[in-house]
1. Counting other beta carbons within 10 Å of each Cβ, put Asp47, Asp93 in order, fewest first.
2. Arranged by the count of other C-beta atoms within 10 angstrom, fewest first, what order do Lys53, Lys173 take?
3. Using the reciprocal of the averaged 1/r over all distinct C-alpha pairs, how large is the Kirkwood radius of segment 87-200 in Å?
4. Using the count of nearby Cβ atoms within 10 Å as a rough guide to exposure, how do Asp45, Asp175, Asp85 rank from fewest to most?
5. Can you tell me which aspartates and glutamates have their Cα less than 20 Å from the Cα of Lys126? Leave out same-chain residues fewer than eight positions away.
6. Along the Cα-to-Cβ line of Phe192, 7 Å from the Cα, sits a label point; which residues in segment 49-63 have backbone N less than 16 Å from it?
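Bear in mind that the values in this text are calculations on the coordinates, not laboratory data. Since the model is a prediction, treat every value here as computed from it, not as a measurement. Neighbour counts run over all protein chains shown; Cβ positions are idealised from the backbone, glycine included.
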Amino acid sequence: MKYLIGLLTAILIAGAASGQHGNVPAGNVCLGIKGGVNIYNVHNDNDTDYDSKSGFHFGLLGHIHFDNQFAIQPEILYSAQGTEDGDTKYKLDYVNVPVLFQYMFDNGFRIQAGPQLGFLISAKSKNNNTTINIRNNYEPIDLGASIGASYVVPSTGFGFDARYNIGLSNINKSDNVKSTNRGVQFGVFYIFGHNSRIVF
């Protein structure tokens, strides 16, 4: 977590130090694709500690400008999440729909935050060669929040982002333990038509 905070701080300092921003008309809408890596865990309120599990995410995004500095970015992403407990891996696969509100600094720097709704599509535990379907142990919906920062090269539409996702709802159907998803994501993206300023 401290490395993510350091990265976000560096992006914000660089963004504040930049000098200019292209004029973008209100209502400018662009579509994009993105993908990257996950480092996820499951937090339990009974002090049971699990190890983080690496995974990946990919999907589509929309970028909608309100003006030169404010935008909203809805996304739909497949996300491989979960956790590890010794030799047992818990694989939780979601389709996540974050809706991020963005403040854009000069020259492509952004900070972003917003809600995220996750739909569980698969849940399995794996120990050595034994795989068990455990989807019935988990809630089908995960409500969370996301905060992060990103940078896009204005002339190309290519960029990268880093964000921290924290679950707000209990994903565990058991009444004995409250469990929430927590994870860091690092991704790259491409926004089509970003430099052409096409208004739809």
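1. Asp47, Asp93
2. Lys173, Lys53
3. 16.3
4. Asp175, Asp45, Asp85
5. Asp49, Asp51, Glu84, Asp85, Asp87, Asp93, Glu139
6. 59-63
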